Amino acid sequence: MSGSALTYTVAPSSRASGRIAVPGDKSISHRAVMLGGIANGVTRVGGFLPGEDTLATAQILRELGVRIERLDETTLEIYGAGLRGLRGASKPLDCGNAGTAMRLLTGLLAGQAFASKLIGDASLSKRPMRRVMDPLRLMGADIRGTEQGTAPLAIAPVPALNAIRYTCPVASAQIKSCVLLAGLYAHGATTVVEPTATRDYTESMLRALGADLVVDGLAVTIRPGNTLNAVPVSVPGDFSSAAFFLVAGLLSRSGELVIENVGLNPRRTGLLLTLRDMGGDIEILDERLQAGERVGDLRVRPSALQAIDVPIERVPDMIDEFPAFCIAAAAARGTSTVRGAHELRVKESDRIGAMASGLRTLGIEVEEFDDGMAITGGSTGGGEIDSRGDHRIAMSFAVASLRATGAIRVLDCANVATSFPGFEGLASSVGLDLGVT
Ligand code: S3P
């Protein structure tokens, strides 16, 4: 979001060990602020992710008239305005780099009695928004984007939204959530049907707040009418942030790494299964339920990894973890393949292209497909990598230093702060030799 140049210079190191906790879950933090903003009562959020993406969402809710107090770095109090209590903002709402903010807010704002404009940074302004505009238009919403179907998005008020039954063309929690949020303001029952299950935080949180929401297999139905009543939210550590340290712990030559209090929602932990299938020694300690969400501490030990063909049905459950997976595959014995992951082309960067070109720079053999890649494990050299302003690409190549023979310079790393404030310090604390300029 800041857009400023920031370079990581990561010298080779051989050990990642210790006991750490990663920042709060990004998906849950976004939703806590949005739903707290339209609930009745005060929502106290603990473990909130103080990243640029989620702070952008909090700022937007403030501009829509919601009082939000930040009690400390990770604790918020949201004074809900009620379902009909938001008011129009005087200026465009800036989602920064956050696709989740833009796509979910488009659904939330489509049925309001005021106009809104959503804008984002250069990366977000290139990402596909028709996927949310299409269903919302079927509901009767008035939303305009650019001719390419991208932001800025201008939302005008309409007299009413119709309920629809919508089958998502791609597995996307953002599309599902967008339609469900609009469904809160529609006449009748709105149903979203997913091709494969995706993260279900919107459904869980809506239900906890008292919404009339029913899940039947891959179909989720919401009926408007119920008021939403604030409940406290305790955000676990983000599995997607833990993922970099899982891979680091496996690539380490000695010691062990424990990552505490990580959210283990099964729709998020595909990488855990994949790394274990590759021979990774990862144990879940003290598994528990926290407000209905599975949480645990992850203990990871150095492991000799074997290549894997990632099962296609597992792709949605590890959709944000492919950059980290690619670093594990580069250190594994044999050729790993990923297919059915076309969505990676339209994330914060084209993650297939970004990882393929970065890995090749380090001397790893990569074949690129439209919907995936094949990576042959081998020895990793040093070199200069363009992260393309993508937080997860930047962090992944920092972790590659655990098997590199030379220094890795990673360019354009400022956006790590969108999801993982403090990554550099935490990475150094476990043993990575990471400098920032
Ligand atoms: C998210 C859903 C996923 C994921 C993103 C966060 C969410 O996107 O990649 O980082 O919080 O709903 P898609 O729904 O587009 O797959």
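The values are calculated or read from the model by the stated rules, or taken from the named source; none is laboratory data. The structure displayed is predicted, hence computed values, not measured ones. Virtual Cβ from ideal backbone geometry, glycine too; neighbours counted across all protein chains shown.
Of all residues assigned to region 198-218, at least one qualifies as being basic (Lys, Arg), more than 16 Å from the ligand (Cβ to nearest atom) and surrounded by 16 or more Cβ atoms within 10 Å (Cβ to Cβ).
When every residue of region 67-87 is checked against the conditions, none turns out to be within 16 Å of the ligand (Cβ to nearest atom) and of a type in the set (Gly, Ala, Ser).
Restricting attention to region 314-364, the residues that are more than 12 Å from the ligand (Cβ to nearest atom), surrounded by fewer than 23 Cβ atoms within 10 Å (Cβ to Cβ) and among the β-branched types (Val, Ile, Thr) add up to 3. If you check ASP370, ASP390 for being at pLDDT 95 or above, outside the structural domain of THR150 (by TED's automatic domain parsing), more than 18 Å from the chain's Cα centre (by Cα) and of a type in the set (D, E, K, R), only one passes: ASP370.
Could you pull out the residue among GLY425, GLY378 that is surrounded by fewer than 20 Cβ atoms within 10 Å (Cβ to Cβ) and under 19 Å from ALA242 (Cβ atoms)? The unique qualifying residue is GLY425. Of the residues making up region 137-178, those that are closer than 22 Å to ALA197 by Cβ and within 16 Å of the ligand (Cβ to nearest atom) number 13. Looking only at region 89-121, residues that are within 16 Å of the ligand (Cβ to nearest atom), over 23 Å from ALA186 (Cβ atoms) and of a type in the set (D, E, K, R) come to 1 in all. When residues in region 395-437 are screened for being among the hydrophobic types (A, V, I, L, M, F, W, C) and either over 27 Å from SER303 (Cβ atoms) or touching an Asp or Glu at 6+ places or on another chain (Cβ under 7 Å) (or both), 6 of them pass. Filtered by the rule that a residue be assigned to a loop (DSSP other than H, G, I, E, B) and in contact (Cβ under 8 Å) with a residue 60 or more places away in the chain, region 46-73 gives GLY47, PHE48, LEU49, PRO50, GLY51.
On the stretch given as region 19-42, residues that are farther than 28 Å from VAL430 by Cβ and assigned to a helix (DSSP H, G or I) total 8. Scanning region 395-403 for any residue that is in a helix (DSSP H, G or I) and either β-branched (Val, Ile, Thr) or under 21 Å from LYS126 (Cα atoms) (or both) turns up at least one such residue.
The set of residues in region 122-135 being closer than 25 Å to THR191 by Cβ and either surrounded by fewer than 24 Cβ atoms within 10 Å (Cβ to Cβ) or under 19 Å from the mean Cα position of the chain (by Cα) (or both) consists of PRO128, MET129, ARG130, ARG131, VAL132, MET133, ASP134.
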